[in-house]
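*Asks:* Have a look at this one.
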Amino acid sequence: MSDLAVHNRSFPNRGAPARIRIFLVLAVLLFAAERVAAETPASNTLVKAARLLDPRTGAVLSPAAVLIEDGKIKEVGPPTQVQAHAPNDVKRIDLGSATLLPGLIDGHTHLFLDIVRPPDAEAQRHENGIFAPGLLLALVESPTKRALLGAQMAREDLESGITTVRNLGHSGIDGDTELRDAIKAGRVSGPRILASGRKLITRGEYVQNLNPALADAILEQEFLLIDGTDRARQAVRQNAFQNVDLIKVSADENLTVPELAAVVEQAHRQHLKVAVHAIDKTSIQTAIDAGADSIEHGNEVTDTQLKQMRDKGIFFDLTPTFYGGFLLKITEPNIVISTASRAADANSAARRKERYDQLVQRVLKSGVKFGAGSDICWFYPEKTRGEASTQIFVNLRQARMPALDVIRAITSNSAEMLGWQDRVGAIEPEKFADLVAVAGDPLADISELERVRFVMKDGQVVRNELGPR
């Protein structure tokens, strides 16, 4: 069939003169070309602002300009210097009195979960309390529905200035790897994703007492089981087959050092880092002895273990999710809370705050390398996922971490934790043009991070409430 015959089938008036049909085809093609041109970013962009913060040194360049070429940073310096090297047709964005920062990094998130805290009566029926009902629902829901949720969460993260995330489990078999690739291909909007695929666990962790006829099929949608060193290596290979960027392991009292060491050995052989969820002292020691690359949460870490982590170069990934009465904040707008539960939550929040304040100070004193993540998987009423995540980052300042260290934790430090320090985490030549800007000074008021006004990823403006686009 000729091309013209194909076009004839595309238009209702098949008897129109050939010239008219050709004109219509050309008009459609011209419209498509104009649309593509409109969506294609300018190859050169010059961004100016009153201040630019380098998280690693704490130095502030004022005023500052960043020249961007083909999605990467080409030059950073005073405006007069940078403008002299910019081409005549450069696109200019003047952010006025704003402060420029590198794009934010969430070192620990769960884009494919948006759990609504259940009522007390429901939570009490499950060993894992408030988390289990929402996780079980996610496991049996349509993967397509879950993928669309993940895409929404990713877009909301990016709009709040989070340009890179490490998704650590709870995304089904291939949810995060496919979302990563879709974002990279430009089919959907979102941050750069380091995908971990299915989480490696021992049997009995997270969910229990499932229908025996369905248990394995349900678990295999979300987890890979570790049962001996051979099974541990096989689990890594299965995730590697899905083209993951790292391996996530959840350590509990049932996980042995040889099993986790087998995971680490196999992962490193395939050039994959290993992040280990470890809360209690025993699990933390298992992760240290097995040679993990990062320890997630680590709430019960001892000073001796912090020293071991420092000496081995293991990152501590702080996740201050429940700091500051988080549970009450996500619960009160949704369900009626009993007087007893409200009092218990308040007491728990006070104890948790005191412990986390001490943990943050011990981490800072120890010299261990640290990053930070939101660990957000909860539905937060009246907040987007990005707004909820940045609020959690700010919790570190409430725990008396200096503002500059908070910013480092979610930029340059996390970039190194991810192994991407040559790509993101700082505003310097050859790195991706991932920039955010806030109206004020985040060193004076860290809550500015909750009000990001300008977002750029890959040299493309995602959000701009400060200057001309």
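*Asks:* Loop only by DSSP, 16 or fewer other Cβ within 10 Å of the Cβ. Give me the GluC sites (Glu not before Pro) in the stretch 144-233 that pass, ordered by residue number.
*Replies:* Glu220
*Asks:* With unit charges on the beta carbon (Lys/Arg positive, Asp/Glu negative), name the residue among Ala267, Val436, His108 whose Cα is farthest towards the positive pole of the charge dipole of the chain.
*Replies:* Val436
*Asks:* Related question: Averaged per residue, what accessible area in Å² does the chain show with a 1.4 Å probe, protein chains only?
*Replies:* With the other protein chains kept in place, the chain gives 45 Å² per residue.
*Asks:* If you don't mind, another one. Expected output is a single nm value to one decimal: the length gained when fully extending between Leu210 and Asp357, i.e. 0.36 nm times separation in residues minus the C-alpha distance. What is it?
*Replies:* Working it through step by step, the gained length comes to 49.1 nm.
*Asks:* With a 1.4 Å probe and all protein chains left in place, how much of the accessible area of the chain comes from carbon and sulfur atoms, in whole percent?
*Replies:* On the chain, the fraction of accessible area on carbon and sulfur atoms equals 51 percent.
*Asks:* Still on this structure, I have one more. Evaluate the distance, in nm, between pseudo-label points positioned 7 Å from the Cα of Ala350 and of Asp94 along their respective Cα→Cβ axes.
*Replies:* Distance between the two pseudo-spin positions: 5.4 nm.
*Asks:* Mind pulling the angle between the C-alpha long axis of helix 339-366 and the longest principal axis of the chain? Nearest 10 degrees, somewhere in 0 to 90.
*Replies:* 80 degrees
*Asks:* Note the full-extension length gain between Ala217 and Arg231 as 0.36 nm times their separation in residues minus their Cα-Cα distance, in nm to one decimal.
*Replies:* Between Ala217 and Arg231, full extension yields 3.3 nm more.
*Asks:* While we're on this one: Enumerate by residue number the chymotrypsin sites (Phe, Trp or Tyr not before Pro) in the stretch 261-358 meeting two conditions: DSSP loop (anything except H, G, I, E, B), and at most 13 other Cβ atoms within 10 Å of the site's Cβ.
*Replies:* For chymotrypsin sites (Phe, Trp or Tyr not before Pro) across the stretch 261-358 that sit outside H, G, I, E and B with at most 13 neighbouring Cβ atoms in 10 Å, the list is empty.
*Asks:* Sticking with this one: If you take the C-alpha gyration tensor of the chain, multiply each eigenvalue by 5 and take the square root, what semi-axes do you get, largest first, in whole Å?
*Replies:* Largest first, the chain gives 40, 31, 22 Å.
*Asks:* Follow-up. Just order 375-384, 400-409, 166-175 by mean Cβ neighbour count inside 10 Å, highest at the front, would you?
*Replies:* Final packing ranking: 166-175, 400-409, 375-384.
*Asks:* To continue, here is another question. Could you work out how far helix 175-184 tilts from the main Cα principal axis of the chain, as a 0 to 90 degree angle to the nearest 10?
*Replies:* Value to nearest ten degrees: 30.
*Asks:* Would you please give the FRET efficiency between Gln152 and Leu364, computed as 1/(1 + (r/R0)^6) with r the Cβ-Cβ distance and R0 = 35 Å, to the nearest 0.05?
*Replies:* 0.50
*Asks:* For helix 257-269, what angle does its Cα long axis make with the longest principal axis of the chain, in degrees from 0 to 90 and rounded to 10?
*Replies:* It is inclined by approximately 20 degrees.
The values are calculated or read from the model by the stated rules, or taken from the named source; none is laboratory data. Predicted model, so just to flag it, every value in this text is computed and none were measured. Glycine gets a Cβ as well: all are built from the backbone with ideal geometry, and neighbour counts include every protein chain shown. The area values use the complete protein model at the heavy-atom level, side chains included, leaving out ligands, DNA and RNA. Shrake-Rupley method; radii C 1.70, N 1.55, O 1.52, S 1.80 Å.
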